[in-house]
Amino acid sequence: MRLNGEIGEEEEKKVAECLNTQAYSISGGFSQPQSQKLVVGYALTSKKKKSFLQPKLLCLARNKGIFFVPIDLKRPLSDQGPFDVVLHKLSGKDWCEVIEEYRQKHPEVAVLDPPDGIQHLHNRQSMLQDVADLNLSDCHGKVGVPRQLVITKDPSSIPYEVAKSGLKLPLVAKPLVVDGSAKSHELSLAYDQFSLTELEPPLVLQEFVNHGAILFKVYIVGETIKVVRRFSLPNVSKCELAKVSGVYRFPRVSSASASADDADLEPGVAEHPPRPLLEKLARELRRRLGLRLFNIDMIREHGTRDVFYVIDINYFPGKYNLFVLKPNLLYFLIRFRLIHFLNLLPMN
Ligand SMILES: Nc1ncnc2c1ncn2[C@@H]1O[C@H](COP(=O)(O)OP(=O)(O)OP(=O)(O)O)[C@@H](O)[C@H]1O
Ligand SMILES: O=P(O)(O)O[C@H]1[C@H](OP(=O)(O)O)[C@@H](OP(=O)(O)O)[C@@H](O)[C@@H](O)[C@@H]1OP(=O)(O)O
Ligand SMILES: [Mg+2]
Ligand SMILES: [Mg+2]
């Protein structure tokens, strides 16, 4: 088995040949690529089905011979299909067990992605651990994570815990668990440590980093990287911090707001993170998390050129049906299946 689905030059050529001739389906047996059909079984929440499986995507997919087939959660997975690829985004322990068992039983099916890697992103502490461990600083910039503290119980102890840890205000309070629910996206900004007792653990308290109100959404589909700009929270000045107290809920600012790609911005704020830095970060996270479909939310520390923070990582996010990402995703599904197939062949 090759590591992490990476392939050599010879195999890369075979993949390219198959993609050119569109002979990529191997469902129902994997000795020979034969027809032009790729069957993708999907298990998604109804919210995700609505946002992802849009008519335009389905139509483009059909033209490429890719068929999306719903997985019936009430029936055993092994009785369904055969699938070439299984695409899933559902939370819960039960589903994790179902998909893990299916992966063991059906190694010929390419499952996107392994459930343990996805689970890793369901907790805001473990989600950023790999970025912290990476300690990226030698490659056109520096990438870190904001300092943060996990609070699991007793809100009355928070002011003491914050003082002890030396975290600087203001702090962003985020629910510890990210399970796709609206509640897990309810965030607050805390200006003074005493008001933190109003919050409901379990949560993470993260130092707010001034970033000129611009956030970079870095979308990753296999080896493809697409960066878009979004509006974000404005800087908090020392003067504002001295005057304001309390904890304020804020809306899903980066998700709800329009794209900031065409906005008239200060060049030092608008400039995308350097490409080599993003490539290294994406490659390392792909390897460490074992995931292919995710996005990284990144900010540039205000007043610097190359100091970046990763504040959030999301599995299989919503904007994969953006115009630019649609063909990439479809191409990726085909390529992923072929690489999976090649990985099943014995090595010479
Ligand atoms: N440490 C931070 N410093 C500055 N701003 C932050 C920080 N953390 C979060 N934000 C702001 O809050 C927004 C939401 O935070 P975050 O991305 O962690 O939440 P989320 O609910 O997981 O979002 P998503 O919808 O992307 O999943 C960010 O897009 C950014 O605008
Ligand atoms: O709201 P959208 O549909 O666009 O997608 C959002 C996506 O929801 P979906 O996967 O159910 O679609 C979210 O996933 P959960 O954390 O809630 O699981 C998260 O990834 C957001 O970052 C995405 O927003 P984006 O920043 O990409 O716009
Ligand atoms: Mg985010
Ligand atoms: Mg998130």
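The values are calculated or read from the model by the stated rules, or taken from the named source; none is laboratory data. Quantities reported herein were computed from a predicted structural model and do not represent experimental measurements. Positions of Cβ are generated from backbone atoms using ideal geometry, with glycine treated the same way; all protein chains shown enter the neighbour counts. The protein model used for the area step is the full one, side chains on, heavy atoms only, and it has no ligands, DNA or RNA in it. Shrake-Rupley method; radii C 1.70, N 1.55, O 1.52, S 1.80 Å.
Quick look at the values:
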{"read-out": "Relative intensity, log₁₀ I(q)/I(0), of region 221-291 from a Debye sum that treats every alpha carbon as a point, q = 0.18, 0.25 Å⁻¹", "value": "-0.96, -1.13"}
{"read-out": "Phi-based couplings in Hz for region 205-215 (Karplus 6.51, -1.76, 1.60; Gly and Pro marked x)", "value": "10, 10, 4, 6, 10, 4, 9, x, 6, 10, 10"}
{"read-out": "Those lysines that a straight Cα-Cα span of less than 21 Å connects to residue 319, excepting residues fewer than 8 apart in one chain", "value": "47, 48, 49, 50, 56, 64, 89, 183, 217, 226"}
{"read-out": "Accessible area of residue 164 in the full protein assembly, 1.4 Å probe (Å², nearest 10)", "value": "130"}
{"read-out": "Using alpha-carbon coordinates, inclination of helix 9-21 to the longest axis of the chain, degrees", "value": "70"}
{"read-out": "Calculated log₁₀ intensity ratio I(q)/I(0) where the Debye formula runs over C-alpha points of region 130-171, q = 0.14, 0.22 Å⁻¹", "value": "-0.47, -0.79"}
{"read-out": "Debye intensity ratio in log₁₀ form over the Cα atoms of region 120-315, taken at each q of 0.08 Å⁻¹", "value": "-0.26"}
{"read-out": "At 0.890 mPa s and 25 °C, Stokes D of the chain from Kirkwood alpha-carbon radius, µm² per second", "value": "112"}
{"read-out": "DSSP bridge orientation in the chain - percent antiparallel, rounded to nearest 5", "value": "70"}
{"read-out": "Solvent exposure of the chain as accessible area per residue, Å², 1.4 Å probe", "value": "50"}
{"read-out": "Antiparallel DSSP beta bridges within region 63-190, percent to nearest 5", "value": "60"}
{"read-out": "Share of carbon and sulfur in the accessible heavy-atom surface of region 120-315 [1.4 Å probe, %]", "value": "51"}
{"read-out": "Lys/Arg +1, Asp/Glu -1 at C-beta; the chain dipole; positive extreme among 330, 149, 114", "value": "330"}
{"read-out": "Rounded to 10°, Cα long-axis angle of helix 93-105 versus longest principal axis of the chain", "value": "30"}
{"read-out": "Built amide H within the under 5 Å cut-off of residue 68, gap 5+", "value": "40"}
{"read-out": "The chain: relative contact order as a whole-number percent, Cα under 8 Å and 6+ apart", "value": "20"}
{"read-out": "Cut-off 9 Å between beta-carbons: net charge of the residues surrounding residue 220, Lys and Arg +1, Asp and Glu -1", "value": "+2"}
